[in-house]
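Heads up: the structure comes next, in structure tokens.
Here, each number is a calculation from the coordinates, and none is a lab measurement. For clarity, every value in this text was computed on a predicted model and none was experimentally measured. All Cβ positions, glycine included, derive from the backbone under ideal geometry; neighbour counts span all protein chains shown.
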Amino acid sequence: MVISEFSEKERDLLGPYFTNLDRDVFALRNLPEVVKGALFSRYSRTTKSLRRTFLDEFVKNPDVELPPAADPWGNVVASEKAEQFYERVLVGYGDDSVAELGGAHVALERVSALTAKEIEDSRIGLSPLEKSTRYVFFDRQVADEFEYVRPHSIMHSPLAEIYIRAMDACFQAYSDAIAPLTASLSDQFPPEPGASERAHRAAIRAKAADVLRSLLPVGHLTNLGLFGNGRAFEYLLIKMAASPLPEVRELGFQLGRELALVILAFTKRAGSERGRDHSSYLREREIVMETWTAGLPDSEHRPQPAVTVVDYEPAAEDKIVAALLYPHSQLPLEELRHAVAGMPAAQKLAIVQAHLDGRVSRHRRPGRAFEMADYTVELCANFGVYKDLQRHRLCTQQRQRLSTNLGYTTPPELVGTPHEERFHECMAIADAAYQALAERFPAEAQYVVPTAYRMRWMMKLNLRELAHMVELRSTIQGHPDYRAVVHDLTQQVRTIHPVLAELATAFVDWSEVDLARLKSEQRNEEKAQALGLV
Ligand SMILES: Cc1cc2nc3c(=O)[nH]c(=O)nc-3n(C[C@H](O)[C@H](O)[C@H](O)COP(=O)(O)OP(=O)(O)OC[C@H]3O[C@@H](n4cnc5c(N)ncnc54)[C@H](O)[C@@H]3O)c2cc1C
């Protein structure tokens, strides 16, 4: 908990713009949209809290104009009327969609990465932005303690010491490796002649962070900015109250309190009896499912490929071609599909090609017709890959509980280096801690699992979203772990639907790179120079 890190003068400055100055969860108010957006986007690359960033980079920046602090709520009479309106429509008539017409920016700081994932799992109506494990090192200590979650349940049990020892071991190894690994990577990848030194330094730093994130337990603390509409927040609060993780439930309570200060009319129902009943229903149905799985055979933790396409649409070509033609035809869908089924293959191909012809970059996505082909995919990859791919909101994703049972991946950059042995030692310590904790604290035990450990999750997605995901996530600035996974997925989907998938995923980037960030850092540098910013 942050306790008054601000001076009196700073508190005066911050007061009108944040719903509180002393807690880790707070909402933003009375700020221009552009400032709120810019503030949240800074979360990705800074260790600072949002309010500190605001003071350091926005208030003191003469270029950003802030509205006068006085009379922040303005037209009180109109607000009251509006509140009454929402009361009538939402509570009275149950017209839920009107709750999408107002929104809020909220910050959730010092939350575990595991909890951040649970929040980001809510897809519709929410836009999250989280501190990056690539641009920020997680080696800071506050009062001699590394920044990870200390769950009350474990801390007040005889297993507290095991938990702390494992967390500290991983954090210490992570911290100790930053400087030597950065130096050795810099030797291994010296700057190319003519390349910017600053861009090179940034790329090396990012690579070291990418490698070392494998050591970070998922209980590490991160910062999260959320922009969302009232309806999405209402459901998020209901879901958070139903979580098996106490941290999520407590955070949901705090989030509800701050949202009440800015969009009470939109989220009020979450805290009502009806909302509480809804949460109980969600929780109870999960408990019931758990009892059903109890009768299933135990998993033997067999090795499993990173990507398994479990099922797919066999008639994808015909369905997509018919959907491409549908808006331009006057035939009922079934007749159109029948007509397409009778077309020669070359004609179907020509139709698909004609549709995709003007795609000059991945930003021009295949049309909605490509949503007619679904794939169900099971992934078995490290938590880092899950963390990144889970953010694709148009997929249906469900994960299994994180554990150490599926083994871990070792970053190739550590193999044969002085860091390798300690990496394996940390994995073993974390495994022992997880096994000790899992039976008594199945939800909280996940915190101790380092990012390198594999997990299983499933993803149902259509070809249009698949194309977006694999084209975006194969770009060379992506993390090599998820690049490998989307390459594999692309290859498998191209085998299933050779022509169709190949055309739809034409901008997958297969190039091999040593320094993922170098090109984009160089581009950033050039842009900054052109704008006179450096
Ligand atoms: C190189 C790289 C670095 C990244 N770094 C960070 C980081 O530091 N911190 C961080 O938090 N995230 C980071 N991300 C994740 C990124 O912010 C996105 O969350 C993620 O890539 C999901 O992709 P998407 O937003 O395109 O949408 P998806 O969720 O896959 O949705 C597909 C498309 O649907 C549309 N869409 C979906 N939802 C909305 C909506 N609410 N409003 C409008 N349109 C919508 C958009 O057109 C979107 O592209 C990074 C991603 C990449 C590739």
Among GLN172, SER511, ASN229, whose Cα projects farthest towards the positive end of the dipole of the chain, with charges put on the beta-carbon of Lys, Arg (+1) and Asp, Glu (-1)? ASN229
Find the Rg to Rh ratio for the range 375-448, where Rh is the Kirkwood radius over alpha-carbon pairs and Rg uses the same atoms. 1.03
Please report the spacing between the Cα centers of the range 1-55 and the range 437-512 in Å, no decimals. 34
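My understanding is that a pair violates if its Cα-Cα distance is over 30 Å; which of LYS117/LYS268; LYS9/LYS131; LYS9/LYS36; LYS36/LYS460; LYS36/LYS239; LYS239/LYS319 do that in this structure?
Values: LYS117/LYS268 24 Å; LYS9/LYS131 28 Å; LYS9/LYS36 21 Å; LYS36/LYS460 33 Å; LYS36/LYS239 26 Å; LYS239/LYS319 36 Å.
With Cα atoms farther than 30 Å apart: LYS36/LYS460; LYS239/LYS319.
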Which ³J(HN,Hα) values, rounded to whole Hz and listed in residue order, are derived for the range 434-445 from phi using the Karplus coefficients 6.51, -1.76 and 1.60 in 6.51 cos²θ - 1.76 cosθ + 1.60 with θ = phi - 60°, glycine and proline given as x? 4, 4, 5, 8, 4, 5, 7, 10, x, 6, 6, 4
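With a Förster radius of 30 Å, plug the Cβ-Cβ distance of ARG249 and GLU512 into 1/(1 + (r/R0)^6) and report the FRET value to the nearest 0.05.
Working: r = 45 Å, r/R0 = 1.49.
It comes out at approximately 0.10.
Using the crude model of +1 on Lys and Arg Cβ and -1 on Asp and Glu Cβ, and no other charge, please compute the dipole size for the chain relative to its Cα centre, in debye to 20. Show your work: numbers first, answer last.
On the way: 63 positive and 74 negative charges, 156 e Å.
In debye, rounded to 20, the chain gives about 740.
Within the range 408-460, report the trypsin sites (Lys or Arg not before Pro) that DSSP leaves as loop and that have at most 13 other Cβ atoms within 10 Å. Walk me through the numbers before you get to the answer.
Values: sites: ARG422, ARG440, ARG454, ARG456, LYS460; in loops: ARG440.
Loop-located and lightly packed - ARG440.
Please sort by residue number the chymotrypsin sites (Phe, Trp or Tyr not before Pro) in the range 382-464 whose DSSP state is loop and whose Cβ has at most 13 other Cβ atoms within 10 Å.
Details: sites: PHE383, TYR386, TYR408, PHE423, TYR434, TYR447, TYR453, TRP457; in loops: none.
When the chymotrypsin sites (Phe, Trp or Tyr not before Pro) of the range 382-464 are filtered for loop state and at most 13 Cβ neighbours within 10 Å, nothing remains.
Helix-only mean residue ellipticity at 222 nm, the chain, DSSP H runs n ≥ 4 weighted -39,500 (n - 2.57), per residue, nearest 500. What is it? Don't jump to the answer; show the numbers that get you there.
Numbers: 20 runs with 249 residues, N = 534.
-14500 deg cm²/dmol, from helical runs alone.
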Arrange the following residues from fewest to most other Cβ atoms within 10 Å of their Cβ: SER243, SER132. SER132, SER243
Would you kindly calculate the translational diffusion coefficient of the range 86-175, applying Stokes-Einstein with the Kirkwood radius from alpha carbon pairs, for 25 °C and a viscosity of 0.890 mPa s, and quote it in µm² s⁻¹ without decimals? 146
Give the whole-number value, in cubic angstrom per residue, of the convex hull volume spanned by the C-alpha atoms of the range 212-253. 95
Give the shape of the range 2-54 as rounded, prolate or oblate, defined through the alpha-carbon gyration tensor: a ≥ b ≥ c are the square roots of its eigenvalues, a/c under 1.5 means rounded, and otherwise the shape is prolate if a/b is larger than b/c and oblate if not. oblate
Spin-label pair THR291/THR376, simplified geometry with 7 Å Cα→Cβ offset, distance in nm: 2.5
Rounded to whole Hz and in sequence order, give me ³J(HN,Hα) for the range 236-252 from the Karplus expression 6.51 cos²θ - 1.76 cosθ + 1.60, θ = phi - 60°, writing x for Gly and Pro. 4, 4, 5, 5, 5, 5, 9, 5, x, 8, x, 4, 5, 5, 5, 5, x
Per-pair calculated FRET efficiency, R0 = 60 Å: ALA339 and HIS156 via Cβ, rounded to 0.05: 0.30
Can you give the extra length, in nm with one decimal, that the chain gains between GLN84 and ALA183 once fully stretched, where that is 0.36 nm per residue apart less the Cα-Cα distance? 29.4 nm
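Using the count of nearby Cβ atoms within 10 Å as a rough guide to exposure, how do MET458, MET469, MET289 rank from fewest to most?
On the way: MET458 16, MET469 22, MET289 10.
If I rank by nearby Cβ atoms, fewest first, I get MET289, MET458, MET469.
Using the Cα centre as the reference, give the magnitude of the dipole from point charges on the C-beta atoms of the range 186-318 (Lys, Arg: +1; Asp, Glu: -1; all else neutral), rounded to the nearest 20 debye.
Working: 16 positive and 19 negative charges, 169 e Å.
That gives the range 186-318 a dipole magnitude of about 820 debye.
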With no solvent term and unit scatterers on the alpha-carbon positions of the range 262-308, Debye gives log₁₀ I(q)/I(0) at q = 0.17, 0.30 Å⁻¹ of -0.70, -1.00
With +1 on each Lys and Arg Cβ and -1 on each Asp and Glu Cβ, and nothing else charged, work out how big the dipole of the range 83-127 is about its Cα centre, in Debye to the nearest 20. 140
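How large is the Rg to Rh ratio of the range 188-296 when both quantities use alpha carbon positions and Rh follows Kirkwood? Walk me through the numbers before you get to the answer.
Working: Rg = 21.9 Å, Rh = 17.7 Å.
Ratio of gyration radius to Kirkwood radius for the range 188-296: 1.23.
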The range 303-429: Kirkwood hydrodynamic radius (Cα pairs, Å) comes out at 18.8
Show me, bin by bin at 5 Å from 0, the whole-percent P(r) of the range 440-495 based on Cα pairs. 4, 15, 21, 20, 15, 10, 9, 5, 1
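Take the alpha-carbon positions of the chain, form their convex hull, and give its projected area averaged over all directions (one quarter of the hull surface) in nm².
Values: hull surface 120.4 nm².
Value for the chain: 30.1 nm².
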Where only C-alpha atoms are counted, convex hull volume of the range 296-350 per residue in Å³: 160
Dividing the convex hull volume of the Cα atoms of the range 266-363 by its residue count, what figure in Å³ per residue is obtained? 310
Using r as the Cβ-Cβ distance of ALA354 and THR396, and R0 as 30 Å, what FRET efficiency do you calculate, to the nearest 0.05? 0.45
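Once the piece of chain linking GLU33 and VAL309 is laid out straight, how much longer is it, given 0.36 nm per residue of separation minus the C-alpha distance between them?
Details: separation 276, 0.36 × 276 = 99.36 nm, distance 4.18 nm.
Result: 95.2 nm gained on full extension.
Find out how many positive minus negative residues lie around LEU461, taking Lys and Arg as positive, Asp and Glu as negative, among other residues whose Cβ is under 14 Å from that of LEU461.
Values: positive: ARG123, ARG365, ARG391, ARG393, LYS460, ARG464, ARG473; negative: ASP311, GLU313, GLU371, ASP374, GLU378, GLU465, GLU471.
Taking every Cβ under 14 Å from that of LEU461, the sum is 0.
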